[in-house]
Amino acid sequence: MTQANEAATGRELQRLATRERVYQAAVDEFERSGVADADISTIVSAAGVSRGTFYFHFPTKEHALAEFARRAEARIGSELSVALSSVEDLATALLKIIRLVAAEEERLGHILFRDVLSLYFSPSQPQLSDSGTHPLVHIVIEQIELARDRGEVYGDVEAEYSGVFFLIGLYGLLITNRDDAAVRMGVLEKYLSSFCRGLLVR
């Protein structure tokens, strides 16, 4: 490797390290204050960078939140790939998805959890129908397609439309419901029952 290439590689590594430091400082501030009230000055102070550096890496706070959501969704997707490997019916698969997504509130805290879910309703973000951008959508669509192939759901069910509809409803309920975990899970199970009733062959 030439000196010029080594220097370029070094600069890229430094840029990535700075971006990660800014990102982590932003997430910490989001957890404390929520995205709307997060203070850019606090973020850049914690990261040891200028405001201009923050905006270079993340033009808005929503961009930093979107990066967090992307990473969280990729992690959940990996966990679901394992959890769903032995599932053979749609209702069980969707219930596992519901439980894993709902459990994120304990991991993230309710402020950041709701901010992340609200992001999916933002007009500035990729639509949920873009399964290449949203791994969870891809997983739900895949589960509906598998159920259709098994003859478990009606043959004319549109998996993509149904998958997006399922997640929009799930995210909406998780944002708006303020019940304790046990009561909320009951609400989510009723939602699942209603959703499946329209798809499953009786």
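Read the figures in this text as sums done on the coordinates, not as results from a lab. A quick note: this is a predicted structure, and the numbers were derived from the prediction, not measured. Here the Cβ is made from the backbone with ideal geometry for all residues, glycine too, and neighbour counts use every protein chain on show.
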Problem set entry | Dipole of the chain, positive end: most advanced residue of Val157, Gln14, Ala147 [Cβ charges, Cα centre] | Gln14
For this session: Considering only Ser86, Ser33, Ser162, give the residue with the highest GNM mean-square fluctuation for the chain, with springs between Cα atoms whenever their separation is below 10 Å.
Result: Ser86
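Assuming R0 = 25 Å, can you tell me the calculated FRET efficiency for the pair Ser124 and Ser50, based on Cβ-Cβ distance, to the nearest 0.05?
Numbers: r = 25 Å, r/R0 = 0.99.
FRET efficiency, Ser124 to Ser50: 0.50.
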For this session: Counting helices only, and only those DSSP H runs with n ≥ 4, report the 222 nm mean residue ellipticity of the chain as the sum of -39,500 (n - 2.57) divided by its residues, in deg cm²/dmol to the nearest 500.
Result: -24500 deg cm²/dmol
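May I ask you to list the GluC sites (Glu not before Pro) in the stretch 67-129 that are in a DSSP loop and have at most 13 other Cβ atoms within 10 Å of their Cβ?
Glu88
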Exercise. Can you work out ³J(HN,Hα) from phi for every residue in the stretch 166-177, in order, using Karplus 6.51 cos²θ - 1.76 cosθ + 1.60 and θ = phi - 60°, giving whole Hz and x for Gly and Pro?
Worked result: 4, 6, 4, x, 4, 5, x, 5, 5, 6, 8, 7
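What full-extension length gain, to one decimal in nm, is calculated for Ser78 and Ser41 as 0.36 nm per residue of separation minus the Cα-Cα distance? Let's see the in-between values first.
Details: separation 37, 0.36 × 37 = 13.32 nm, distance 3.46 nm.
Stretched out fully, the Ser78 to Ser41 stretch lengthens by 9.9 nm.
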Seminar exercise, completed: Taking the alpha-carbon centre of each part, the distance from the stretch 10-37 to the stretch 129-202 in Å is 33
For this session: Would you mind checking which residues have amide H under 5 Å from Leu200's amide H? H placed 1.01 Å from N; only 5 or more apart, or other chain.
Result: none
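Which value, in debye to the nearest 20, describes the size of the charge dipole of the stretch 61-202 about its Cα centre when Lys and Arg Cβ atoms bear +1, Asp and Glu Cβ atoms bear -1, and nothing else is charged? Walk me through the numbers on the way to the answer.
Numbers: 15 positive and 21 negative charges, 66 e Å.
It comes to approximately 320 debye.
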Problem set entry | Rel. contact order, % - alpha carbon contacts under 8 angstrom, at least six apart, the chain | 19
Problem set entry | Hz values of 3J(HN,Hα) by residue in the stretch 190-202 - Karplus curve (6.51, -1.76, 1.60), Gly and Pro given as x | 5, 4, 4, 4, 5, 5, 5, 4, x, 10, 6, 5, 10
Seminar exercise, completed: Out of Gln143, Gln125, Gln14, a Gaussian network model of the chain with alpha-carbon springs under 10 Å gives the largest mean-square fluctuation to Gln14
Exercise. Each residue of the stretch 73-89 in order: what ³J(HN,Hα) in whole Hz does its phi give by Karplus 6.51 cos²θ - 1.76 cosθ + 1.60, θ = phi - 60°, with x for Gly and Pro?
Worked result: 5, 5, 5, 4, x, 5, 5, 5, 4, 6, 5, 9, 4, 10, 7, 10, 9
Problem set entry | Stokes-Einstein D in µm²/s, Kirkwood radius over Cα pairs - the chain at 10 °C with 1.306 mPa s viscosity | 84
Seminar exercise, completed: Rounded to whole angstroms and listed largest first, the alpha-carbon spread of the stretch 1-59 along its three principal axes comes to 47, 18, 17
